[in-house]
1. Compute the signed sum of charges (Lys and Arg +1, Asp and Glu -1) over the other residues within less than 14 Å, Cβ to Cβ, of A:GLY348.
2. Where both partners of a DSSP beta bridge lie in segment A:200-301, what percent of those bridges are antiparallel, to the nearest 5?
3. Say we join alpha carbon atoms closer than 10 Å with springs in a Gaussian network model of chain A; which of A:LEU346, A:LEU22, A:LEU68 then has the biggest fluctuation?
4. For segment A:47-301, build the charge dipole from Cβ charges (+1 Lys, Arg; -1 Asp, Glu) around the Cα centre, then report which of A:GLN210, A:THR144, A:GLN257 sits farthest towards its positive end.
5. Taking R0 as 41 Å, what FRET efficiency do you get between A:GLU247 and A:ARG156 from their Cβ-Cβ distance, rounded to the nearest 0.05?
6. If we count other beta carbons within 10 Å of each Cβ, what is the order of B:LYS16, A:LYS149, A:LYS279, fewest first?
7. With charges only on Cβ, +1 for K and R and -1 for D and E, what is the dipole size of the protein assembly as shown about its Cα centre, in debye, rounded to 20?
8. Once both labels are modelled 7 Å past Cα along the beta-carbon direction, what's the A:SER267-A:ASP223 spacing in nm?
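FYI, it's all coordinate maths here, none of it is from the lab. Since this is a predicted model, take the numbers as computed values, not measurements. As a convention, Cβ positions derive from the backbone with ideal geometry for all residues, glycine included, and neighbour counts pool all protein chains shown.
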Amino acid sequence: MNADPAYTGYDAQRVWHDFPILARQIHGRPLAFLDSAASSQRPASVIAAVDDYEKLHHANVHRGVHLLSQEATQMFKHARERVREFVNAASTREVIFTRGTTESINLVAQSYARPRLQRGDEILLTGLEHHANIVPWQLVAGQTGAVVKAVPIDRRGVVDLADFAAHLNERTRIVACAHVSNALGTVLPVREIIRLAHARGAVVLIDGAQAVPHQRVDLQALDCDFYAFSAHKMYGPTGIGALIGRESLLEAMPPWQGGGDMILTVSFEQTTFNVLPFKFEAGTPNISGAVGMAAAIDYIDSLGLDRIHAHEQRLLKLATRKLEAVPGLTIIGTAPDKAAVISFTLDGIHPHDLGTILDSEGVAVRTGHHCAMPVMEFFGVPATARASFACYSRESDIDALVAALARAREVFG
Amino acid sequence: MDLKDLYRDVILDHNKTPRLFGRLEPADSSADGHNPLCGDRLHVTLRLDGDRVSDLRFDGKGCAISVASASLMCEAVKGKRRSEITHLFNEVHEVLTKHDAPVPDDLGKLAALSGVREFPVRVKCASLCWHTLNAALERSHEPVKTE
């Protein structure tokens, strides 16, 4: 039994029942969905909230005096407030809806960084970033003459703080790093990273996509400048996410895209931009997505993030132990502080073959480079298999994975 | 979905012990192939004797399907004329991609790849070597991509 009081009474099987898709049969077998780090599934409550919005309340927001438009506007506004509460942002003026983490990072790269960066300025990343937190910075570096640098990771997949501090200098303008590594599960010490970066005058963006579904995030406590995340990794819909930005920074930034909703007045001579957060939300927003995102936050709150965290950590320990006992299996990424993600390789079987065999057994894992090619390069592997856990994961999913790995060994002889 | 249809004994054997593995030096032509989806990388070198591929080798890293397919391909095309290779390529392509295409008798051991068509996401694994060979034949030294 788990001694963590936060975990007491957590009924994973009951949580599992909240997610209709998990009851599906895959190739005639029960589904063991271990790919939540790529995209989590949605509970019935989120599906119902989006459905209810579409069936009863939809109209465009901020545009009409008719009742439906008022209702849609109210729901959209409420969703923004729920997102603010979820990560304890200071104000809804700091909460910008985007298509997701990738768009959030691109917004900061183009609207904050591009006008400010000078030739030779430095953008500091870490060795375990997702491509979404590398490529936007390379683009802006190409546009401005700035330089992208990365703090390396060690063999466990850990970023050493002293090494990070040593990479900061008077030319470091921006630090961009993951809160939790998608490929390895490493939890980065973002509070210290932010403190060190601020001490050298750099602005910090944290890619929180893999963090927010698994642990409590308090942006005011972190003193974070920009924080990006996506709804679809936290039981919400695809195509919606948020950028949380420090109000003083957002105020000083030019709009990123132009269009409706982001303006106050337009003439052919001059346009007055709307106030925050609307200045960064050109065009009709993803209203149903925002409604779904708010419902996902309600769902997470109904379980309790601390209890979800404790449940996933317990599964992580159990799965690590069981996988370590599989002959020829190597776990890639062994940081002491990890989210419930296990990347691994199996001797003599390419991860892609493994993915196909596991799928035939109903076990869904991610195989490939996880959009983190530099991480794969560092560990000298072309790809890994990755099992990732969520609030609905059960011990039986781990057993299904281990049994499917034995089946793979059988096929390959 | 039967795994044994994908991982037939011939495939597993050629994955474990790839034939014509390595590089020819000197070679008349070579090409790199890369499948970004799974990280597979192949390199093909070949020697030409007039219109014939008199000898060839492949090396690289990849999944069982891509390694076995490359090994089987090298065995099948060695000594063949360009036109015969094109004919084989078209037949293999048809077998890999068309669900109900008959498997031609002259495919020989390459017929073992016909199970791949039941696994659409794996077709690119099996065809990477053929695209790489084509590139080498066209004397292109640009990396080939299947994505």
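1. Its environment carries a net charge of -1.
2. 75 percent
3. Looking only at A:LEU346, A:LEU22, A:LEU68, the largest GNM fluctuation is found for A:LEU68.
4. So the residue we want is A:THR144.
5. Efficiency for this residue pair is about 0.65.
6. B:LYS16, A:LYS149, A:LYS279
7. Roughly 420 debye, rounded to the nearest 20.
8. So the two model labels end up 4.6 nm from each other.
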